[in-house]
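Every number here is computed from the coordinates shown, using simple stated rules; none is lab data. In this text, all values refer to a predicted model and were calculated from it rather than measured experimentally. With ideal geometry, Cβ positions are generated from the backbone for all residues, glycine too; neighbour counts draw on all protein chains shown.
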Amino acid sequence: MDRSVNGEYFTLITGASSGIGRALAFECARRHMNLFLVSLPETGLEEVAAEITAQYPVTTRTLTTDLTCPESYLQVYDQARARGIRVNNLINNAGIGYNGYLKEMDPQKVDQMILLNLRATTLITSVFLKELTAYPRSHILNICSMAAFLPVPGKSVYSASKAYTLFFSKSLRAELRHTGVSVTAVCPWGVRTSDAVRERIQNSGVVSRTMAMDPEEVARVSVEAMLRRKSVVIPGRKGRLFFYLGQIVPQGIVLRVMENELRKALHE
Ligand SMILES: NC(=O)c1ccc[n+]([C@@H]2O[C@H](COP(=O)([O-])OP(=O)(O)OC[C@H]3O[C@@H](n4cnc5c(N)ncnc54)[C@H](OP(=O)(O)O)[C@@H]3O)[C@@H](O)[C@H]2O)c1
């Protein structure tokens, strides 16, 4: 639907059909940003786009694709070109966080996490960079996690993937210092995105339960941070407090606390 009041530019959001991505889409629309929403097929992306255009005067475009497929990043880029979608904000949100000890995990699930969290994020950013640097002011927002700072036994690949995304964001930000592109990494603790995640948080330790936030609040903080061109943001006062504690407490203790947090959820 074409009802743009925010010029001809679009904000690309990956994983926009549910969870934090859906909340990010609503938050951007609330700020009159046109949207190019990407998600898996048959997950209600069209309905999300229709709900947004019913509420806000913005233009939405959608693309359903599996971002774990090797060529999907090119598909996203080619579709944007073919449909005249000019992307001045890129939000890499799509990500999977399977729980499990590596020795017990299905290697295909491990591969999916690597393909989506690392490969898709990196390559989508890489193909859109030329366009983003052509504009006087543009933004990249990468949704990381507190797990980027804290090694998490029982979520080793996920926490490593988020540490990658955090370092990718920080170094890319420095690389782009002399351009109009800013890069922001947001590192939330648990976010109550669905009934399953709510239950998982409920079955985690006291730290996870105390830190948990709603997706709308995380989306508000994230988009604000992106537009203010911040480098790294931890949503919520409690989340920030835990981050600082994690920096001063010996790593061995941090590892034990993190392991205890997930123990119950892992042994269900
Ligand atoms: N929830 C948390 O506690 C939490 C905490 C910190 C950070 N994060 C991060 O926040 C981001 C969003 O997480 P979330 O909890 O909102 O997850 P979610 O509810 O599972 O949503 C993930 C989104 O990514 C999409 N997606 C998944 N696999 C995909 C694929 N192969 N191709 C294209 N899209 C795909 C999903 O699309 P479909 O709806 O089509 O499946 C969905 O829109 C992730 O990067 C996650 O690591 C989450």
In what sequence do E199, E224 fall when counting other Cβ within 10 Å, fewest first?
E199, E224
Using only the Cα atoms of region 202-268, build the gyration tensor, take square roots of its eigenvalues as a ≥ b ≥ c, and label the shape rounded, prolate or oblate: rounded if a/c is under 1.5, else prolate if a/b is larger than b/c, else oblate.
oblate
Label-zone membership for region 216-241, site Q55, 7 angstrom Cα→C-beta point, backbone N under 15 Å:
216-221
Modelled FRET efficiency - R0 35 Å, I96 with S171, Cβ distances, 0.05 increments:
0.90
Within region 138-152: backbone nitrogen closer than 15 Å to the R240 label point (7 Å, Cα to C-beta)
none
Sorted by packing (mean other beta-carbon atoms within 10 Å per residue), highest first, where do 172-184, 144-156 land?
144-156, 172-184
Suppose R0 equals 30 Å; then what is the FRET efficiency for R209 and R81 from their Cβ-Cβ distance, rounded to the nearest 0.05?
0.10
Computed on Cα atoms only, the convex hull of the chain has an orientation-averaged projected area in nm² of 13.8 nm²
Acute angle (nearest 10 degrees) that the helix 251-266 long axis makes with the longest principal axis of the chain, alpha-carbon atoms
80 degrees
Per residue convex hull volume, Cα only, region 145-268, in Å³ is 104 Å³
For region 69-80, Karplus-derived ³J(HN,Hα) couplings (6.51, -1.76, 1.60; θ = phi - 60°; whole Hz; x for glycine and proline) come out as 6, x, 9, 5, 4, 6, 4, 4, 5, 4, 5, 4
Return a single number: how many Lys pairs in the chain, at a sequence separation of 8 or more or on separate chains, have alpha-carbon atoms below 22 angstrom apart.
15
Go ahead and estimate [θ] at 222 nm for the chain from helices alone: -39,500 (n - 2.57) per DSSP H run with n ≥ 4, summed, over the residue count, rounded to 500.
-15000 deg cm²/dmol
What's the center-to-center distance, using Cα atoms, between region 185-244 and region 121-171 in Å?
16 Å
Residues I234, I201, I96, I143, sorted so that the one with the fewest Cβ neighbours within 10 Å comes first
I96, I201, I234, I143
